[in-house]
Amino acid sequence: MAILVTGGAGFIGANFVLDWLACTDEAVVNLDKLTYAGNLESLAPVVDDGRHRFVAGDICDAQLVGRLLETHRPRSIVHFAAESHVDRSIRGPGEFVRTNIEGTYTLLECARAYWSGLDTGAKDAFRFLHVSTDEVYGSLAPDAPPFAETHAYEPNSPYSASKAASDHLARAWHQTYGLPVLTTNCSNNYGPFQFPEKLIPLVIVNALAGKPLPVYGDGRQVRDWLYVGDHCAAIRTVLASGRIGETYNVGGWNEIANIDIVHTVCRLLDGLRPSSAGPYEQLIRFVADRPGHDRRYAIDARKIERELGWRPAETFDSGIAKTLRWYLDHGDWVGHVQSGAYREWMARHYDGAGSAP
Ligand code: NAD
Ligand code: TYD
């Protein structure tokens, strides 16, 4: 038995593949294009594991996807591959439309062709799990209840609009063709292997390098933070026992303002790796706000708890402590990331205090 994972060299995908191989015997075929965000070094622990089969390729390549399905005959597809950074989507939305919308369409069509040809038992067991985001719901007012699965879709960035479109395609492929689709909409993740363009790893890496810590606008935007290992556990749970055609919101019950995240990381680093230049929070710089910046996300994760018994295991305190420890212990991983295309991006967009995102 095997599953096909897309985007398994990215942040969440790599965590998922490592966790999967640690807690099951089942093989993983990992299809990833290795964009700037794909990093095979994250999968170094399973380089000699015969159950992990890495395939460099594009989810938009229908021939390749079709061939992989026919060759490996997976019992499920877990679809992570996406362009995932909001700031990049503002600068260049084209790749987001291509990968997130056309890529998901291609996968759904290939999955449908493959699934249609399965025998009854395999057909009943097959699942297509589409990994999505809470950002499709748009922005919450300060006192509004958190996003339930029934919340209207109101995406505000090219990233969230492209993810919303992919969610709609996944839904339609279930409603129209009967493809056994499951969708998860998760809040902001943090943890090991996250590319240091996202808030938490960016703050860790910049602080350790003595570089400015850019905070967009007033820094009072709120996100609901979830440790990546908890997200991986939620996906395994939904894959195993989610009801076909349903969506499940996944969140950490951890609403925190960006500026408080930045202060927390600085304070913890002051304890773990003090700087001779003084407290890290001296590096905080308020910079121009992100256009269309969503003010608040928060997830109502009661459905997945009630139906499937999943709850996050980590608190923010335990998760951020693990994350900081990981970044401090993996300077090589960070250094190698920084010597690639990441550096050009960083130089263009973040070097020097006060530059806009
Ligand atoms: P990431 O950017 O770290 O990784 C994306 C991976 O997809 C990379 O390995 C990249 O090489 C690969 N990829 C990109 N385009 C591809 C293509 N055309 N074909 C094949 N592979 C391609 O993203 P992430 O943070 O790990 O997010 C994974 C998924 O989870 C995404 O679908 C994202 O929308 C969703 N999600 C992320 C978060 C978060 O906080 N990071 C929260 C909720 C949902
Ligand atoms: P990010 O990690 O990009 O995730 P998302 O935009 O998907 O929520 O950003 C998290 C929050 O942090 C978001 O409100 C934007 C803000 N932010 C900053 O203030 N400074 C930064 O340098 C970055 C990357 C993000």
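The values are calculated or read from the model by the stated rules, or taken from the named source; none is laboratory data. Remember, it's a predicted structure, so these values are computed and weren't measured experimentally. Cβ placement follows ideal geometry from the backbone for every residue including glycine, while neighbour counts extend to all protein chains displayed.
Below, the figures for the structure above:
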read-out	value
Options Gly245, Gly229, Gly219; residue that is of a type in the set (Gly, Ala, Ser) and either closer than 25 Å to Trp173 by Cβ or crowded, with 22+ Cβ neighbours inside 10 Å (or both)	Gly245
The stretch 63-98 - residue that is polar (S, T, N, Q) and more than 16 Å from ligand 2 (Cβ to nearest atom) and, of those, farthest from Arg236 (Cα to Cα)	Gln63
Filter pass, Arg285 being out of contact with any Ser or Thr (no Cβ under 7 Å at 6 or more places or on another chain) and part of a strand (DSSP E or B)	yes
Candidates Leu43, Leu64, filtered to the one that is buried (at least 17 other Cβ atoms within 10 Å of the Cβ), under 20 Å from the mean Cα position of the chain (by Cα), within 15 Å of ligand 1 (Cβ to nearest atom) and of a type in the set (A, V, I, L, M, F, W, C)	Leu43
Ala56 vs. criteria closer than 30 Å to Pro93 by Cα, in contact with a Leu (Cβ under 9 Å, 6 or more places away or on another chain), exposed (fewer than 15 other Cβ atoms within 10 Å of the Cβ) and not hydroxyl-bearing (Ser, Thr, Tyr)	yes
Selection count, the stretch 154-183, where residues are part of a helix (DSSP H, G or I), more than 15 Å from ligand 2 (Cβ to nearest atom), in contact (Cβ under 8 Å) with a residue 12 or more places away in the chain and among the hydrophobic types (A, V, I, L, M, F, W, C)	4
Count of residues meeting criterion [surrounded by 16 or more Cβ atoms within 10 Å (Cβ to Cβ) and among the basic types (Lys, Arg)] in the stretch 123-170	2
Condition broken by Val28, with the remaining ones in (1) more than 7 Å from ligand 1 (Cβ to nearest atom); (2) part of a helix (DSSP H, G or I) satisfied	(2)
Selected residue [charged (D, E, K, R), under 14 Å from the mean Cα position of the chain (by Cα) and away from ligand 2 (no atom under 13 Å from the Cβ)] from Asp224, Asp230	Asp230
Among (1) away from ligand 1 (no atom under 15 Å from the Cβ); (2) within 26 Å of Ala170 (Cβ to Cβ); (3) not in a helix (DSSP H, G or I), the one test that Gly252 misses	(1)
Where His130 falls short, out of the listed (1) assigned to a helix (DSSP H, G or I); (2) within 30 Å of His293 (Cα to Cα); (3) free of Cβ contacts under 8 Å to residues at least 60 places away in the same chain	(1)
Any hit, the stretch 18-37, residues being within 18 Å of Val131 (Cβ to Cβ), without any contact (Cβ under 8 Å) to a residue 40 or more places away in the chain, crowded, with 17+ Cβ neighbours inside 10 Å and under 14 Å from the mean Cα position of the chain (by Cα)	no
From Thr104, Thr35, residue being polar (S, T, N, Q) and either modelled with pLDDT of 95 or more or away from ligand 1 (no atom under 15 Å from the Cβ) (or both)	Thr104
In the stretch 90-107, the residues that are touching a residue at least 60 places away in the same chain (Cβ under 8 Å) and within 18 Å of His72 (Cβ to Cβ)	Leu107
Members of the stretch 58-95 that are in a helix (DSSP H, G or I) and under 23 Å from Glu197 (Cβ atoms)	Val86, Asp87, Arg88, Ser89, Ile90, Arg91, Gly94, Glu95
Filtered residues of the stretch 99-119 (kept if in contact with a helix residue (DSSP H, G or I) (Cβ under 9 Å, 6 or more places away or on another chain), closer than 18 Å to Val136 by Cβ and not hydrophobic (A, V, I, L, M, F, W, C))	Thr99, Asn100, Gly103, Thr104, Tyr105
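For (1) within 15 Å of ligand 2 (Cβ to nearest atom); (2) farther than 15 Å from Asp300 by Cα; (3) not in a strand (DSSP E or B), each residue gets a yes or a no:
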| residue | (1), (2), (3) |
| --- | --- |
| Ala144 | no, no, yes |
| Glu149 | no, no, yes |
| Asn185 | yes, no, no |
| Phe193 | yes, yes, yes |
| Ile200 | yes, yes, yes |
| Ile204 | yes, yes, yes |
